1. Only one residue in 242, 270 is within 30 Å of residue 340 (Cβ to Cβ), without any contact (Cβ under 8 Å) to a residue 40 or more places away in the chain and surrounded by fewer than 17 Cβ atoms within 10 Å (Cβ to Cβ), so which one is that?
2. How many residues, within the range 19-53, are over 19 Å from residue 108 (Cα atoms) and free of Cβ contacts under 8 Å to residues at least 12 places away in the same chain?
3. Look through 91, 117 and report the one residue that is crowded, with 24+ Cβ neighbours inside 10 Å and either touching a strand residue (DSSP E or B) at 6+ places or on another chain (Cβ under 8 Å) or farther than 27 Å from residue 253 by Cα (or both).
4. Does residue 329 meet the test of being within 28 Å of residue 41 (Cβ to Cβ), part of a helix (DSSP H, G or I) and either free of Cβ contacts under 8 Å to residues at least 40 places away in the same chain or over 17 Å from the mean Cα position of the chain (by Cα) (or both)?
5. Modelled with pLDDT under 95, within 25 Å of residue 172 (Cβ to Cβ) and part of a strand (DSSP E or B): which single residue out of 248, 235 fits that description?
6. Any residue at all in the range 332-342 that is over 26 Å from residue 279 (Cα atoms) and assigned to a helix (DSSP H, G or I)?
7. So in the range 303-323, with the set limited to residues that are touching a helix residue (DSSP H, G or I) at 6+ places or on another chain (Cβ under 6 Å) and crowded, with 19+ Cβ neighbours inside 10 Å, which one is modelled with the highest pLDDT?
8. Got at least one residue in the range 277-296 being assigned to a helix (DSSP H, G or I) and in contact with a helix residue (DSSP H, G or I) (Cβ under 7 Å, 6 or more places away or on another chain)?
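The values are calculated or read from the model by the stated rules, or taken from the named source; none is laboratory data. Fair warning: this is a prediction, and the values are worked out from it, not measured in the lab. Quick reminder, even Gly has a Cβ in these numbers, built from the backbone with ideal geometry, and neighbours come from all protein chains shown.
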């Protein structure tokens, strides 16, 4: 058995048979989807190829590809566009974050069939946008009022969405009450006993967390979502706020150690559990936190709770077709968001200062290394994808 196939199998050991088939189908979709679902391969290759021993440290999301940005509503119910996945977050350095993003661009450009010269130029432009942001030393945000182009669309579609209509599309009437629509694609049914156990564990949050106050839990289902996280225990819960008279959908996702855990020779700050790591990193890196964010212990595992956001609110490669020019414009704005996140977290929990970060990224050789490394890791990903497809054909 090829080593890459063995690594994928070992990483996904224990995944239920029905989810195994769904995940393998997702990984087979394209080289880009394969990259999304094999962050553990990327992390190991990055450390080995770059011989990564950072002197300048930064908090990173750990899995920053093009599709891990999107819109969401914060606790204040305002709309934000930002990095939105911190499952693999860890104290590292800026390099794996930026290189993973650039690598996702290279792999995506292959799917889009963009000319190599255009791709190389785009990578340098994205690095320049990131460096310029760090050197300005001001952590801003992408604001709906001044967003334009593709970003404007995402703000407008969430701001204008009828939330109850979205919930209605995910639910059905059952014995006079609302229930989650278990369609076999997004949601799978769970037993009544498991629902009771889940609700019993959620109930204390209504007294401990302001956002959960007045909530009653109406239904629950197993949720199928993501690529790399496929196979984790994950639920969707339908809740009703008695005071506001509104329904909400909550995403409850199992936390596992970061894919960089055990690979980095960097002392990590002490965290009580994996959920605290994910939430803490999100607080440091995002401008504002999503609604209903909370840690949750269930079935001897730690989970993260947050409000469910429609998949359509995530930036998706398929939105661009072969429009590489617009794709590059979007990635430049994303590079600024990456810079904002690194500045925002600088000086916190072991991260270096903004001045130290600025000194590092201003080096021309460092910038060149980021671009060259992304090309090398993209080639590795495509090679792995080919081996995966041949093995499963």
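1. 270
2. Residues in the range 19-53 being over 19 Å from residue 108 (Cα atoms) and free of Cβ contacts under 8 Å to residues at least 12 places away in the same chain: 3 in total.
3. Just one listed residue meets the conditions, 91.
4. Details: within 28 Å of residue 41 (Cβ to Cβ): no; part of a helix (DSSP H, G or I): yes; either free of Cβ contacts under 8 Å to residues at least 40 places away in the same chain or over 17 Å from the mean Cα position of the chain (by Cα) (or both): yes.
In short, no.
5. Working: 235 fails: modelled with pLDDT under 95.
Exactly one of 248, 235 is modelled with pLDDT under 95, within 25 Å of residue 172 (Cβ to Cβ) and part of a strand (DSSP E or B), namely 248.
6. To start, the set of residues in the range 332-342 that are over 26 Å from residue 279 (Cα atoms) comprises 332.
In the following step, the residues that additionally are assigned to a helix (DSSP H, G or I) were identified as 332.
Yes, because at least one residue in the range 332-342 is over 26 Å from residue 279 (Cα atoms) and assigned to a helix (DSSP H, G or I).
7. Here the residue is 304.
8. yes
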